[in-house]
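Novice: Take this structure, written in structure tokens, and hold onto it; I'll ask about it next.
Just so you know, all these numbers are worked out from the coordinates, no wet-lab data involved. These numbers were taken from a predicted model, which means no experiment stands behind them. Backbone-built Cβ (ideal geometry, glycine too); neighbour counts: all protein chains shown.
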Amino acid sequence: MSVATSIESGIAGPAEPFGVAPGEADARIEGRSTWELAWARLKRDRAAMISLTVIIVIILVAIFAPVFAAITGHGADAQFRTTGMTPDGLPVAPGSRFVLGTDDQGRDLLVRIAYGARISLLVGVVVTVLVVAVGAVLGLAAGYMGGLVDTIVARLIDVVLSLPYLLFAISLVSINFLGGPGLPIIVFVITVFSWAAIARVVRGQVLSIREKEYIEAARSLGSGSWRIMFVDILPNVVAQLIVYATLLIPVVIVFEAALSFLGLGIPPPTPDWGQMISEAQQGGLYQQAWWFLVFPSAALVITTLAFNILGDGVRDALDPRLERL
């Protein structure tokens, strides 16, 4: 090859790496989005991935709760007074017929725990969606609009955070609000007492974002306030909302279990983990039937712990300051 040919080749462009087909090098160094980098970081977090697997298993258990009932032949509310109770009237211990034992009414504890997972996950997801939506909208409005709107929302946040939620819930049930104990009152009470924390976080983020150059450019182009809030600002706080949502779900599940434990949640005989724990403690029944207290409590602890660990992993994965990749 002549010198001129070599010079022309160099001017035409860099040669492909040895053993790499044309175009493969560009595809190999193609940039990845923030979400792809976050997912790659999350996959490297072993604890978070184990927690995600546990959560998927819990979701499958909740979805296929009727399958457990069909396999065992025990309905969620079916009482077995002869086979599910001892001659002394105590619950039957775990065995081949009742894998996790029975409760004080002779009902299959495994089936009831599976159905109770439905209530916990349903309340956790529905309330979290409502809380994030309300908190994000109010936080965006307060942080961007400022003035009177910011003052009203900020004082409302302070009032909500200062209220004792248990006393408030008891008072609502006592006046038969929304029909008394049940799913509507649980969703209402938890939503009312949970949106303020997210609104405060979003408001703080928006107060700094609204001074950025691209927000000033959007205003100069004639964009309205609502468009700027939901098109230009909201995408910049989505990562924080996702993190708080994953961390809020276990808080809501515990909140719901606490209300049911106090008799303010799901009324019997609908299976609920908090209600089962309360029934196991009545009259010291757990001293003769330890499984009646241990297994519903273990289901609650495992679920909340899995969501908390996953939430920590998501927070670390979405943190742009981490350079682990």
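Novice: Quick one: length gained pulling Ser33 to Thr83 fully straight, 0.36 nm per residue minus the C-alpha distance? Write out the running numbers ahead of the final one.
Specialist: On the way: separation 50, 0.36 × 50 = 18.00 nm, distance 5.86 nm.
Going from the current span to full extension adds 12.1 nm.
Novice: Another question, if that's okay. Under 10 Å, Cα contacts only: if you run a Gaussian network model on the chain, which one of Ala217, Ala133, Ala196 comes out with the highest mean-square fluctuation?
Specialist: For the chain, modelled as a Gaussian network with Cα springs under 10 Å, the answer is Ala217.
Novice: Rounded to the nearest 20 debye, what is the charge dipole size of the chain about its Cα centre when +1 sits on each Lys and Arg Cβ and -1 on each Asp and Glu Cβ?
Specialist: Details: 21 positive and 25 negative charges, 74 e Å.
Using only the charged Cβ atoms, the result is roughly 360 debye.
Novice: Report, in degrees rounded to the nearest 10, the 0 to 90 angle that the Cα long axis of helix 3-12 makes with the longest principal axis of the chain.
Specialist: With rounding to tens, the tilt is 50 degrees.
Novice: Return the sequence-ordered ³J(HN,Hα) values of the stretch 270-276 in whole Hz as given by the Karplus equation 6.51 cos²θ - 1.76 cosθ + 1.60 applied to θ = phi - 60°, using x for Gly and Pro.
Specialist: Whole-Hz 3J(HN,Hα) from phi for the stretch 270-276: 4, x, 8, 4, x, 5, 5.
Novice: Apply the Karplus curve 6.51 cos²θ - 1.76 cosθ + 1.60, θ = phi - 60°, to the phi angles in the stretch 130-140 and return the couplings in whole Hz, x for Gly and Pro.
Specialist: 5, 5, 5, 5, 5, x, 5, 5, 5, x, 4
Novice: Highest GNM mean-square fluctuation, the chain, Cα pairs closer than 10 Å: which of Leu285, Leu293, Leu163?
Specialist: Looking only at Leu285, Leu293, Leu163, the biggest GNM fluctuation is shown by Leu163.
Novice: Mind jotting down the distance between the C-alpha centroids of the stretch 189-225 and the stretch 62-84, whole Å?
Specialist: Here the two parts' Cα centres lie 49 Å apart.
Novice: Among Trp195, Trp39, which comes first, then next, by fewest other beta-carbon atoms within 10 Å? Working shown, then result.
Specialist: On the way: Trp195 24, Trp39 14.
Lowest to highest Cβ neighbour count: Trp39, Trp195.
Novice: What is the percent of Cα-Cα separations in the stretch 215-304 that go past 15 Å? Mind showing how you got there, number by number?
Specialist: Details: 2790 of 4005 pairs.
Roughly 70 percent, rounded to a whole number.
Novice: If you average the C-alpha positions of the stretch 111-143 and of the stretch 253-279 separately, how far apart do those two centres end up, in angstrom?
Specialist: Cα centroid to Cα centroid, the span is 17 Å.
Novice: Tell me the mean residue ellipticity at 222 nm calculated for the chain from its helices only (DSSP H runs of n ≥ 4, each -39500 (n - 2.57), averaged over every residue, nearest 500). Write out the running numbers ahead of the final one.
Specialist: Numbers: 13 runs with 211 residues, N = 325.
Calculated at 222 nm, the ellipticity per residue is -21500 deg cm²/dmol.
Novice: Suppose we flag GluC sites (Glu not before Pro) only when DSSP calls them loop and at most 13 other Cβ atoms lie within 10 Å. Which is the longest uninterrupted stretch of the chain?
Specialist: It runs 31-210.
Novice: To continue, here is another question. Which of Thr191, Thr83 has the fewest other C-beta atoms within 10 Å, and how do the rest follow up to the most?
Specialist: On the way: Thr191 19, Thr83 11.
Placing the least packed residue first, the sequence is Thr83, Thr191.
Novice: Would you mind ranking Phe230, Phe98 by Cβ crowding within 10 Å, fewest neighbours first? Kindly include the intermediate steps, with their values, before the conclusion.
Specialist: Working: Phe230 13, Phe98 24.
The most exposed by this proxy come first: Phe230, Phe98.
Novice: For the chain, with the dipole built from +1 on Lys and Arg beta-carbon atoms and -1 on Asp and Glu ones, taken about the Cα centre, which of Ala38, Thr303, Ile170 lies farthest toward the positive end?
Specialist: The one lying farthest along the dipole's positive direction is Ile170.
Novice: If amide H atoms are built 1.01 Å from N in the plane of the peptide, which residues on other chains or at least 5 residues away come under 5 Å of the amide H of Ser223?
Specialist: none
Novice: Something else about it: Enter the angle in degrees (range 0 to 90, nearest 10) between the Cα long axis of helix 46-63 and the first principal axis of the Cα atoms of the chain, meaning the one along which they spread out most.
Specialist: Between the helix axis and the principal axis of the chain, the angle is about 50 degrees.
Novice: Which residue, Ser220, Ser278, Ser297, has the most motion in a Gaussian network model of the chain that connects Cα atoms within less than 10 Å?
Specialist: The residue that fluctuates most here is Ser220.
Novice: If you put +1 on each Lys and Arg Cβ and -1 on each Asp and Glu Cβ, how big is the dipole of the stretch 116-248 around its Cα centre, in Debye rounded to 20? Please list the in-between numbers first.
Specialist: Working: 8 positive and 6 negative charges, 34 e Å.
Roughly 160 debye for the stretch 116-248.
Novice: Quick one: which residues, 5+ away or cross-chain, put their amide H under 5 Å from the amide H of Thr102? H built at 1.01 Å from N.
Specialist: Long-range HN contacts for Thr102: Val92, Leu109.
Novice: How far is helix 34-44 tilted off the main Cα axis of the chain, in degrees rounded to 10, range 0 to 90?
Specialist: So the helix axis and the longest Cα principal axis differ by about 60 degrees.
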